[in-house]
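The values are calculated or read from the model by the stated rules, or taken from the named source; none is laboratory data. This one's a predicted model, so the numbers in the text were calculated from it and none came from an experiment. Glycine gets a Cβ as well: all are built from the backbone with ideal geometry, and neighbour counts include every protein chain shown.
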Amino acid sequence: MIRIDKNESPYRALTDEEISQLAVDTHFNQYADDEYADLQRSYAAFNNLDPELTSFANGSDEWIQKSMIVLADGPVLVLEPDFVMYEVYAKQFNRPLTKINCREDWTFDYDEIYNTIKELRPSVFIFSQPNNPIGTLHPADFIQKAAELMKEVNGYLIIDEAYGEFNQEPTDYPKGDHVVRFRTLSKVYGLAGLRVGVAVATKATIDKLNSIAHPYPLNTFSLNVSNYLLNQTERLEEFIEMNRQLSRKLLRIFKEEVGDVITVIDSSTNFVLTYGEKAVDLGEYVVSNGFLPRMYPESDNAALRATVRYSIAKDEQLDELQKILKEWRNQQ
Ligand SMILES: Cc1ncc(COP(=O)(O)O)c(C=O)c1O
């Protein structure tokens, strides 16, 4: 089965020789030393950030969990659908959770969100930008307004940018102790298995998140591979661009081959969400032909149960997927 259900990069950015050398050079008999500070510098330099205001943990998953422990001392507000782990971690710590559903066309009523913030006064409002699983971006004025309202109610606005690199529009983020951004090396950097998640916030908020940090938050191999990659700017930019190209190709294939019979949502990520009467039938056909997309039979959300989400794959695998879509379309 070719896995296209977890929104990963289908390629690694480094050669086998480089990876072997990095393993040999990693002194894992010792605790990490300067490697963490090196990653702060290399990640911040590549992303035009202040190294002091970036911090790392085992995937953004760990940051989401930490935020539920130390930032959420009251209700948590999330959108539906969104990344399922927000709910899972909120429940682990018995945080009362409120969900705001999207409309039938997979857009959100932002006025409803503003009113809910005013009434509920959440301690944390977390959402993904672009949204997983929908693939779309929330408008910048919504983020600004949501940040202002969260400040008024003394809560935190957490913007989870796991797929942020797929949006190339310049973005002006709201600033202040009440704003946190989570990013990751799992997607466009191709390091999902190494578990490197990034928090970007003010010093006060980073300190609060790190009040429950471990002494060596990341393993030395993950630190060394990340540093090695981030220090090769040109090559990394090419790798990121290749992931973007595959994402455009994936969207194009779906629109061209099956866009007249199922709805394919325009995506700003490395996956596409499809829905409509025949979407699940196509998903099952794709599964029977050796690709594993994400289907949601277990979801409480009936609308989501009728969707299928497909992530990027290797270039030649996308060609194969295109043939499968064509075959299915010819049978309709
Ligand atoms: C929106 C979103 N946030 C966070 C994550 C988790 O990322 P990480 O691998 O950094 O834990 C994912 C993974 O799919 C995701 O889709």
Please go through (1) surrounded by fewer than 17 Cβ atoms within 10 Å (Cβ to Cβ); (2) away from the ligand (no atom under 15 Å from the Cβ); (3) in contact (Cβ under 8 Å) with a residue 24 or more places away in the chain; (4) assigned by TED's automatic domain parsing to the domain that holds S67 for N167 and return the number of the only condition it doesn't satisfy. (2)
Restricted to segment 182-209, and to residues that are within 21 Å of L53 (Cβ to Cβ) and out of contact with any helix residue (DSSP H, G or I) (no Cβ under 8 Å at 6 or more places or on another chain), which residue is surrounded by the most Cβ atoms within 10 Å (Cβ to Cβ)? T205
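Look at L229 and say whether it is assigned to a helix (DSSP H, G or I), at pLDDT 95 or above, crowded, with 18+ Cβ neighbours inside 10 Å and not acidic (D, E).
Values: assigned to a helix (DSSP H, G or I): yes; at pLDDT 95 or above: yes; crowded, with 18+ Cβ neighbours inside 10 Å: yes; not acidic (D, E): yes.
Yes: the conditions hold for L229.
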Quick test for you: out of E152, E241, pick the one residue that is assigned by TED's automatic domain parsing to the domain that holds Q317 and loosely packed, with under 15 Cβ neighbours inside 10 Å. E241
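Taking the condition within 16 Å of the ligand (Cβ to nearest atom), farther than 25 Å from L292 by Cβ and not in a helix (DSSP H, G or I), does K6 pass? Before the answer, list the steps.
Working: within 16 Å of the ligand (Cβ to nearest atom): yes; farther than 25 Å from L292 by Cβ: no; not in a helix (DSSP H, G or I): yes.
The answer is no for K6.
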How about segment 25-44: which of its residues are in contact (Cβ under 8 Å) with a residue 40 or more places away in the chain, assigned to a helix (DSSP H, G or I) and not charged (D, E, K, R)? Y36, L39, S42, Y43
Qualifying positions in segment 144-164 - away from the ligand (no atom under 15 Å from the Cβ) and in a helix (DSSP H, G or I): Q144, K145, A146, A147, E148, L149, M150, K151, E152
In this structure, is D160 over 28 Å from Y228 (Cβ atoms) and either of a type in the set (F, W, Y) or at pLDDT 95 or above (or both)? no
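Filter segment 232-255 down to residues that are assigned to a helix (DSSP H, G or I) and free of Cβ contacts under 8 Å to residues at least 12 places away in the same chain, then give me how many there are.
So in segment 232-255, the residues assigned to a helix (DSSP H, G or I) come out as 233-255.
Now drop any that are not free of Cβ contacts under 8 Å to residues at least 12 places away in the same chain, which leaves 234, 237-238, 241, 245, 248, 252, 255.
Selection size over segment 232-255: 8.
Could you name every one of the helices (runs of 4 or more DSSP H) located completely within segment 269-332 that has at least 3 residues being at pLDDT below 95, in contact with a helix residue (DSSP H, G or I) (Cβ under 8 Å, 6 or more places away or on another chain) and not small (G, A, S)? Walk me through how you get there before you give the answer.
Values: elements: 279-288, 302-305, 315-330.
Qualifying helices (runs of 4 or more DSSP H): none found.
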Is it fair to say P139 is within 12 Å of the ligand (Cβ to nearest atom), under 21 Å from P81 (Cα atoms) and out of contact with any strand residue (DSSP E or B) (no Cβ under 9 Å at 6 or more places or on another chain)? no
